[in-house]
Amino acid sequence: MTDVAASDFRHPRDYVRLDTILRLRWLAVLGQLAAIFIVAQGLEFDLPVIPCLTVVGLSALLNLVLQIAFNPMQRLQPVYAAGLLALNIVELAALLFLTGGLQNPFSFLFLAPVLISATALPIRLTIALGALAVACASALVFFHLPLPWEGEEPMELPQIYLFGVWLSILLAIGVTSLYAIQVTEDTRKLSDALAATELVLTREQHLTQLDGLAAAAAHELGTPLATIFLISRELEKTVASDSPIASDLKTLREQTQRCRDILGKITQLSSTGAPFDRMPLSTLIEEVVAPHRDFGVAIKVRIAVAGAREPVGTRNPAILYGVGNILENAVDFARKTVEVNAWWNNETVEIVISDDGPGFAPEILKRIGEPYLSRRRGTEDPQAGRRGLGLGVFIARTLLERTGARVSFRNRTFPDHGAVVQIAWPRSRFEETQNQLSDELSDEISDEPAT
């Protein structure tokens with residue numbers, strides 16, 4: 001089967017654009033100005049307006065400098081993006097210091113920069129930003145100006161309440177950041193796995209197209225080679241055996257025949273693999289099984305005899321790769337035997353691949369088919385667990401399901417041991433033909449006169 005290197009489709013995490021950070025910072029500036037205006041003018045609380053506006057003004061000035069000096073569309077290195085988010089935390093801490101510390105209900109905005117980092121930056125930088133936010137929140141418990149409030153007496157909340165606010169900020173940062181990191185990582189893995197699936201399918205289709213081109217080339221070259229062979233043979237008959245050119249004519253005839261034999265082999269190889277050919281289920285199974293017969297594991301193929309005619313479908317690279325990948329896993333983990341059973345009726349076509357290996361581990365049985373799920377064999381027990389149940393199985397399952405198949409995984413019933421993979425198609429989907437253009441082209445090739 002086609003091997004796919006991780007470097008073919010896995011990409012580093014996309015860097016955050018400067019424009020994204022600047023938009024968030026401008027939104028923070030507008031929100032801070034609105035809050036200052038509402039508290040000072042609307043609620044008429046005693047607020048240190050000048051210091052607060054100074055902090056907001058410096059933030060806005062930095063935004064303008066960054067927007068003018070750099071291209072907003074450029075992507076920032078993670079450390080620079082983290083630096084700007086850290087600056088957001090420090091600016092928020094400065095405003096909270098001027099307006100009551102953790103008594104200020106806006107103190108929970110410490111969560112925003114850390115959450116943004118969790119979705120876009122490496123984990124180590126997210127941890128650093130989380131530590132900075134917690135440090136700032138801890139300092140604000142003890143050092144802050146009074147909370148703006150009506151009346152002459154400043155409002156002072158109990159220390160136990162402030163400790164509760166600090167603890168809730170700490171837990172919110174930790175829990176939401178971990179959740180965001182996990183969701184983002186899962187999304188990234190799924191995206192990489194889908195890219196790998198597309199790459200595998202593209203490669204298989206490319207190989208199939210090459211098979212078709214080889215068959216067409218062999219057919220086109222057959223006529224001139226046959227002509228050369230006939231002429232060389234006739235010339236050889238007319239030349240005396242002791243003539244100096246007799247050996248050259250013999251060599252020419254032999255080499256021409258050799259070329260014809262090579263083209264004949266290419267035609268035979270492509271006859272079961274050309275994209276225009278249709279293959280019965282038994283032929284498909286044999287094509288999948290053949291490459292795995294020489295690995296020291298017995299592969300038993302059983303095809304049930306049914307009253308309905310054998311299903312015949314077009315050679316589909318997705319089916320060949322998907323079934324082949326599952327069979328390869330079975331051969332890899334089988335102790336002695338792998339069984340491939342197939343049956344059909346008027347509604348369903350089914351292939352069941354089973355082995356006598358250790359089977360699927362219970363903790364991953366329900367998760368098989370997820371990208372990058374893997375359990376590798378230990379060095380001490382070569383049969384302990386199953387490895388390779390990650391990207392390869394995900395690709396195989398995705399490709400098969402695209403063809404209309406339903407793929408299920410289970411273990412054999414005790415006392416037997418081993419894994420069982422069931423692949424079932426609606427017969428109508430399995431026998432779907434390719435577009436009419438492919439069929440017409442196939443007819444053109446097959447109808448050309450043979451040499």
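The values are calculated or read from the model by the stated rules, or taken from the named source; none is laboratory data. Note that this is a predicted model, so its numbers are computed, not measured. Note that each Cβ is placed from the backbone with ideal geometry, even for glycine, and that neighbours are counted across all protein chains shown. Each accessible area value is taken on the protein alone, full model and side chains, heavy atoms only, with ligands, DNA and RNA left out. Shrake-Rupley method; radii C 1.70, N 1.55, O 1.52, S 1.80 Å.
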- [ ] Might you check whether a residue that is buried (at least 18 other Cβ atoms within 10 Å of the Cβ), out of contact with any Asp or Glu (no Cβ under 8 Å at 6 or more places or on another chain) and at pLDDT below 85 occurs anywhere in the stretch 137-145?
- [x] yes
Open item on the list: Against the definition (hydroxyl-bearing (Ser, Thr, Tyr) and under 24 Å from Leu30 (Cα atoms)), how does Thr99 come out, yes or no?
Closed with: yes
- [ ] Could you run through the stretch 87-108 and say how many residues are at pLDDT 90 or above and within 20 Å of Ile21 (Cα to Cα)?
- [x] 9
- [ ] Taking Leu61 as the residue in question, decide whether it is out of contact with any Pro (no Cβ under 9 Å at 6 or more places or on another chain), in contact (Cβ under 8 Å) with a residue 12 or more places away in the chain, part of a helix (DSSP H, G or I) and open to solvent by 50 Å² or more (accessible area, probe 1.4 Å).
- [x] no
Open item on the list: Tell me the residue from Gln209, Gln205 that is surrounded by 14 or more Cβ atoms within 10 Å (Cβ to Cβ), assigned to a helix (DSSP H, G or I), at pLDDT below 80 and not β-branched (Val, Ile, Thr), please.
Closed with: Gln205
Task: Ile89 being surrounded by fewer than 14 Cβ atoms within 10 Å (Cβ to Cβ), touching a residue at least 40 places away in the same chain (Cβ under 8 Å) and of a type in the set (Val, Ile, Thr) - done: no
Task: Search result, residues across the stretch 388-410 that are in contact with a strand residue (DSSP E or B) (Cβ under 6 Å, 6 or more places away or on another chain) and over 30 Å from Arg278 (Cβ atoms) - done: Arg410
Open item on the list: Looking at the stretch 335-349, I want the residues that are over 12 Å from Ile423 (Cβ atoms) and open to solvent by 50 Å² or more (accessible area, probe 1.4 Å) and have a partner that is modelled with pLDDT under 90 and hydroxyl-bearing (Ser, Thr, Tyr) with Cβ atoms under 9 Å, at least 6 apart or on another chain. Which pairs are those?
Closed with: Glu347/Ser428
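Listed here are the residues, each with its yes/no results for (1) assigned to a loop (DSSP other than H, G, I, E, B); (2) farther than 14 Å from Leu76 by Cβ; (3) at pLDDT 85 or above; (4) more than 45 Å from the chain's Cα centre (by Cα).
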residue	(1), (2), (3), (4)
His11	yes, yes, no, no
Tyr15	yes, no, no, no
Asp19	no, no, yes, no
Leu22	no, no, yes, no
Arg25	no, no, yes, no
Ala28	no, yes, yes, no
Ile38	no, yes, yes, yes
Task: Residue identified as at pLDDT 75 or above and more than 24 Å from Arg429 (Cα to Cα) among Ser241, Ser282 - done: Ser241
Open item on the list: Looking at the stretch 76-86, can you tell me whether even one residue there is in a helix (DSSP H, G or I), without any contact (Cβ under 8 Å) to a residue 24 or more places away in the chain and either more than 17 Å from Gly130 (Cβ to Cβ) or among the hydroxyl-bearing types (Ser, Thr, Tyr) (or both)?
Closed with: yes
TODO: Could you check the stretch 373-451 for helices (runs of 4 or more DSSP H) lying wholly inside it with 2 or more residues that are open to solvent by 80 Å² or more (accessible area, probe 1.4 Å) and modelled with pLDDT of 50 or more?
DONE: 391-402, 427-430
Task: Search result, residues across the stretch 92-136 that are under 30 Å from the mean Cα position of the chain (by Cα), within 22 Å of Ala34 (Cα to Cα) and surrounded by fewer than 21 Cβ atoms within 10 Å (Cβ to Cβ) - done: Ala112
Task: Any hit, the stretch 36-50, residues being open to solvent by less than 70 Å² (accessible area, probe 1.4 Å) and within 21 Å of Ala120 (Cα to Cα) - done: no
